[in-house]
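**Student:** First, the structure itself, so that you have it in front of you.
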Amino acid sequence: MMISDNAYQIAIQVLKEASFEHGFLASVQNEANYKRVWTRDSVLCGLAALQTGDNSLVQTFKNALITIFDHQHEAGFFPSNIGIEDKHVSFGGPVGRTDNTSWAIIGMCKFLIQCPDSNFAEKYYANICNGFKVLEAWEFNGKGLIYVPQSGNWADEYYQHGYLLMDQLLRVWALELAAKVYNMDRFNHKAIAIRAIIEENFHSSKLSQKPYLPLLERSKSNFPNNYWVGGFNPSAVYTNFDLLANALAIYLQLGSSQIQNQLISYLRQSISQNEFMIPSFSPTIEIAEPDFNILMNLHSFKFRNFPHQFHNGGLWPVWNGFLAGIILNIDESLANEIGKRVELACKLGTSEQPEWDFNECFNGLTNKPQGISRCSWSAAGLILSKSAFL
């Protein structure tokens, strides 16, 4: 990957500064809500730690997994975050986070694949089974797809809800990894079944004759043909582009080779049209659009989803770096270009931190940093862009 060795080493140092005895902090900065072990952030940092092979970072990842798994809810779902000072365990804000359960299982299994430990695997096997049980319960109709409430995943101030692609693919990934670690056919069988449902309902090329919802049949003409739709619910189909969902679709080799090639072509076009990184969700929802009214009511502390900001067309180094590592073996030149832009983003500074700020997110129009400084999963994104993600 064409990012500099200096950038790589600085990113590793940020992760080390975010490390403590119970895992990774979300940010090196002394920000109260980021001075916690977040499940999702910790797993992304842990995946980066495994890529580096640095023993101290790998140990921090193990510590984070212990913290996360030891605080699993008795019903089976995993924490959103755990406080390091007040020890408060949060399972979400207005609603819980459906993606954290899959992220936790993914993190544990990726760790065990690279660092085999039969005792560690056995200790948390029941936790993983309970996690899969709650994911199955969240199907609600028993038909294979989990239903994600509004504010129910990483984009917790975005307007979408329902059968969201990103959450389905995280579950597939978790099932396939668990099948590998524990040699359990039933995990694989479930993953295969979910894959089939996804391929028949989230892409224009193969909309099922028996769609998951009647609305899909009526909405066929609105489906894009060069990427996977973000999701749907009984009253809406989200035809916008979801970067993380489509990155996972590439990584999990979802669909035919033709579909994969069309998606890579779309990404090439997207990076050529954007001077900086690829937005996490596009197109941006403008103020005059009806969905903007929904966004206006979806914030806890202050409104951040103005056009081209935060989840609404904002730019996130973590997901761009994740994508770059995934496509490195598919389109090296495109991966290198995205990786260089992630490095540029991480190097950009603020008045408090003149350079190498590793900001959380950026404005999609001005490219200016608009999130928390010294963000650990931004550093993880740069590391993940360095080499092919396996």
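**Student:** Filter the range 273-285 for residues that are modelled with pLDDT of 95 or more and either of a type in the set (V, I, T) or more than 19 Å from M166 (Cβ to Cβ) (or both) and give the result.
**Tutor:** Of all residues in the range 273-285, those modelled with pLDDT of 95 or more come to 276-285.
Within the range 273-285, F276, I278, T284, I285 meet the criteria.
**Student:** Within the range 26-59, how many residues turn out to be more than 21 Å from P79 (Cβ to Cβ), surrounded by 18 or more Cβ atoms within 10 Å (Cβ to Cβ) and of a type in the set (G, A, S)?
**Tutor:** So the count comes out to 0.
**Student:** Can you confirm whether the range 184-204 contains a residue that is at pLDDT below 95, outside any helix (DSSP H, G or I), in contact with a helix residue (DSSP H, G or I) (Cβ under 8 Å, 6 or more places away or on another chain) and hydrophobic (A, V, I, L, M, F, W, C)?
**Tutor:** no
**Student:** Somewhere in the range 13-25, is a residue assigned to a strand (DSSP E or B), of a type outside the set (D, E, K, R), surrounded by 24 or more Cβ atoms within 10 Å (Cβ to Cβ) and in contact (Cβ under 8 Å) with a residue 40 or more places away in the chain? Even if it seems obvious, please write down each step before you answer.
**Tutor:** Of the range 13-25, the ones assigned to a strand (DSSP E or B) are 19-20, 23-24.
Going one step further and asking which of them are of a type outside the set (D, E, K, R), we end up with 19-20, 23-24.
Okay, now just the ones that are also surrounded by 24 or more Cβ atoms within 10 Å (Cβ to Cβ), so 23-24.
Subset that is in contact (Cβ under 8 Å) with a residue 40 or more places away in the chain: 23-24.
Yes, the conditions are met somewhere in the range 13-25.
**Student:** Restricting the first residue to the range 260-275 and requiring it to be within 17 Å of K340 (Cβ to Cβ), which pairs with a second residue that is assigned to a helix (DSSP H, G or I) and acidic (D, E) meet a Cβ separation below 8 Å and a spacing of at least six or different chains?
**Tutor:** I271/E337
**Student:** Show me the helices (runs of 4 or more DSSP H) entirely contained within the range 60-138 in which 3 or more residues are within 24 Å of E31 (Cα to Cα). Let's see the steps before the verdict.
**Tutor:** Details: elements: 98-114, 118-123, 125-137.
Filter on the range 60-138 gives 98-114.
**Student:** Looking at L344, L384 in this structure, which one is at pLDDT 95 or above, surrounded by fewer than 16 Cβ atoms within 10 Å (Cβ to Cβ) and within 22 Å of the chain's Cα centre (by Cα)? Lay out the reasoning, then the answer.
**Tutor:** Numbers: L384 fails: surrounded by fewer than 16 Cβ atoms within 10 Å (Cβ to Cβ).
Answer to the check: L344.
**Student:** Out of the residues in the range 152-168 meeting the condition of being touching a helix residue (DSSP H, G or I) at 6+ places or on another chain (Cβ under 7 Å) and either of a type in the set (S, T, N, Q) or closer than 12 Å to W103 by Cβ (or both), tell me which one is surrounded by the fewest Cβ atoms within 10 Å (Cβ to Cβ).
**Tutor:** Once the filter is applied, the top-ranked residue is W154.
**Student:** Could you pull out every one of the helices (runs of 4 or more DSSP H) wholly within the range 211-325 that has 1 or more residues that are exposed (fewer than 14 other Cβ atoms within 10 Å of the Cβ) and out of contact with any Ser or Thr (no Cβ under 7 Å at 6 or more places or on another chain)? Give the steps one after another, and end with the answer.
**Tutor:** Details: elements: 214-218, 243-251, 257-273, 290-296.
Helices (runs of 4 or more DSSP H) meeting the threshold: 214-218, 257-273, 290-296.
**Student:** Another one. When you go through W138, W103 one by one, which is the residue that is crowded, with 22+ Cβ neighbours inside 10 Å and not small (G, A, S)?
**Tutor:** Sole residue among the options that is crowded, with 22+ Cβ neighbours inside 10 Å and not small (G, A, S): W103.
**Student:** List pairs: first residue in the range 234-249 and without any contact (Cβ under 8 Å) to a residue 12 or more places away in the chain and over 16 Å from I198 (Cα atoms), second residue crowded, with 22+ Cβ neighbours inside 10 Å and among the basic types (K, R) anywhere in the structure, Cβ distance under 7 angstrom, at least six positions apart or on different chains.
**Tutor:** Listed pairs, sorted by first residue: none to list.
**Student:** Condition check: closer than 29 Å to I294 by Cβ, modelled with pLDDT of 95 or more, touching a helix residue (DSSP H, G or I) at 6+ places or on another chain (Cβ under 7 Å) and aliphatic (A, V, I, L, M). Does L252 satisfy that?
**Tutor:** Values: closer than 29 Å to I294 by Cβ: no; modelled with pLDDT of 95 or more: yes; touching a helix residue (DSSP H, G or I) at 6+ places or on another chain (Cβ under 7 Å): yes; aliphatic (A, V, I, L, M): yes.
Taking the combined requirement at face value, the residue does not satisfy it.
**Student:** Further question on the same structure: Taking into account only those residues within the range 26-49 that are among the aliphatic types (A, V, I, L, M) and in a helix (DSSP H, G or I), which is modelled with the lowest pLDDT? Even if it seems obvious, please write down each step before you answer.
**Tutor:** Residues of the range 26-49 that are among the aliphatic types (A, V, I, L, M), as a first pass: 26, 28, 32, 37, 43-44, 47-49.
Restricting the remaining residues to those that are in a helix (DSSP H, G or I) gives 32, 43-44, 47-49.
Values: A32: 66, V43: 98, L44: 98, L47: 98, A48: 98, A49: 98.
Filtering the range 26-49 for residues that are among the aliphatic types (A, V, I, L, M) and in a helix (DSSP H, G or I), the one modelled with the lowest pLDDT comes out as A32.
The values are calculated or read from the model by the stated rules, or taken from the named source; none is laboratory data. Just so it is clear, the structure is predicted and the values come from calculations on it, not from any experiment. As a convention, Cβ positions derive from the backbone with ideal geometry for all residues, glycine included, and neighbour counts pool all protein chains shown.
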